[in-house]
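Structure record follows, encoded as structure tokens.
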Amino acid sequence: MTVSVLAQTKQPNIIWIVGDDLGAELGCYGSPGAHTPNMDRLAAEGIRYSNAFSTAPVCSASRSAFITGTYQTRIGNHEHRTIMMKPLPAGVEPVTTYLRQAGYVCFDVIGLGANGKEDFNFSPAKVFDSKDFAAMEKTVADGKPLFLQFAIHEPHRDFTPLPQGMVGADPAKVILPPKYPDDPVARKDWAEYLDAVQVCDMKVGRLLAWLEERQIADNTLIFLFGDNGRPHVWDKQWLSDSGVRIPLIVRWPGHVSPGSVDSRLVSLIDVPAETLAAARIQPMPTMDGRLFLGPATIPREFAFAARDRCGETFDRVRSVHDGRYNYVRNYYPELPYWQTSRYKVRQYPVLARLKELHALGKLTPAQDRYFADTKPAEELYDLQNDPGELQNIIDHPQHTEARQRLRQALAQWQQAVPDMGAELESLEEYNRGAAGALKGDDKFVPDTWDRRSESIVDALKARNFKSVSMATAAP
């Protein structure tokens, strides 16, 4: 499909700054203890969106969606750590395909602190022209329009410490979310997360300095966002508010009002459509996003998200935000929150501490529900009155209207997309995805894992897809 360029005026350079697992713990978002002067500067010079969400709580599914502008559940890219990758469906292309046709040179550069991460769940395609920093410098010197994905590792675990001599967050002074116990292990872990966010901010500063040195800042549109929510036990890989809530900051000199805050709902699925529009390209009809820059755009009523297999850990969860409420649908409530995830076992020290405190009976009821034998089939949280999502109000009579409205919105979205998560992976796909996640883990023997995964899949098939068959019906 060729693009339609809407005007012949000079196209802006466009940059996506993507923080890996970057939640909204920034100074400009009011996060206690955060030190993020460069991202705060971007917000002061642009727009900060206070209700922005990813379409998945994990990187590969989210990145597959925002690079194509198409929900990962529509294109079969919803399983995290897909090994047996398939091409994108007909008519679906990375956004860079259309930018390239319009004259852009597309980079996912390694340099200035960026690591060139892609992590898509579709088979190899030419997403970017180059990762070479020198080639990007030449593109700028030649006056060609630039698209850059500036992928930053931080604050992904293992947390990167601050450079020697810099003073980081004080564990004794951090303010923990209420889902986590006031415990030295949790305090230390949260402080290290804030330090990693600051490392991310330092790399943002390097990029901003480079733009100014090359004198192209005034003709450069910047989107800064996280690929999913923060990397903590209740957050990343879950459709909690903090599992999909992300920062989104847009700076475009002369086009957006500096220092403004927009509380309208925005989904990461909208960023590719807005990217093409800014490049004077008509957004593709296969894209699921909508435009959000400017007061004339139609506000989004709902932000949808999906969680499926994450590494070796099978599940299927869907959610919808409306700005006040977060509604979550668990399609396999018999699979508990505490399903083993080797990634979390290896990299989440708070998880081990939670297990110890659970055994000692020292967790609050809201903290301890992580260890329940089952999950509720539905969850509903009033973020206005319960931002920490401590109380599931799904059965509260006063919230009946919200429950019915969001339940219906989710069902309609799944039918319209449609949601390919209703079909289980083959056993081979599941085993290979799990094996990829477990690579290098000597605690699992492949033969043992094959038998274990087969028993899980057999158990799910024995249900005759009863949960899946309810995808568009009220439970």
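Considering only residues that are among the polar types (S, T, N, Q) and outside any helix (DSSP H, G or I), which ones fall in segment 53-88?
Matches in segment 53-88: S54, T55, T70, Q72, T73, N77, T82.
Kindly list, by first and then second residue, each pair from a residue in segment 56-74 that is surrounded by 24 or more Cβ atoms within 10 Å (Cβ to Cβ) to a residue that is aromatic (F, W, Y) and assigned to a loop (DSSP other than H, G, I, E, B), limited to pairs with Cβ atoms under 9 Å and residues at least 6 apart or on different chains.
P57/W238; R63/F120; S64/F120; A65/Y71; I67/F120; T68/F120
Would you check if G103 is surrounded by fewer than 24 Cβ atoms within 10 Å (Cβ to Cβ) and either outside the structural domain of L208 (by TED's automatic domain parsing) or modelled with pLDDT of 95 or more (or both)?
Judged against the criteria, G103 is a match.
Can you tell me which of (1) surrounded by fewer than 16 Cβ atoms within 10 Å (Cβ to Cβ); (2) in contact with a strand residue (DSSP E or B) (Cβ under 6 Å, 6 or more places away or on another chain); (3) of a type in the set (G, A, S) is the one A296 doesn't meet?
Among (1) surrounded by fewer than 16 Cβ atoms within 10 Å (Cβ to Cβ); (2) in contact with a strand residue (DSSP E or B) (Cβ under 6 Å, 6 or more places away or on another chain); (3) of a type in the set (G, A, S), the lone unmet condition for A296 is (2).
Looking at L390, L383, can you tell me which residue is within 24 Å of the chain's Cα centre (by Cα) and buried (at least 16 other Cβ atoms within 10 Å of the Cβ)?
On inspection, the qualifying residue turns out to be L383.
Going by the structure shown, is R346 in a helix (DSSP H, G or I), of a type in the set (K, R), in the same structural domain as R432 (by TED's automatic domain parsing) and buried (at least 17 other Cβ atoms within 10 Å of the Cβ)?
Criteria not met by R346.
Any residue in segment 96-114 that is closer than 15 Å to V127 by Cβ sitting within a Cβ distance under 7 Å of a residue that is in a helix (DSSP H, G or I) and among the hydrophobic types (A, V, I, L, M, F, W, C)? List the pairs, counting only those 6 or more apart or interchain.
Short answer, once both residue conditions are applied: Y98/L276; C106/L99; F107/M136; V109/F133; V109/M136; I110/F133.
The values are calculated or read from the model by the stated rules, or taken from the named source; none is laboratory data. All figures in this text were calculated on a predicted structure; none of them were measured in a lab. With ideal geometry, Cβ positions are generated from the backbone for all residues, glycine too; neighbour counts draw on all protein chains shown.
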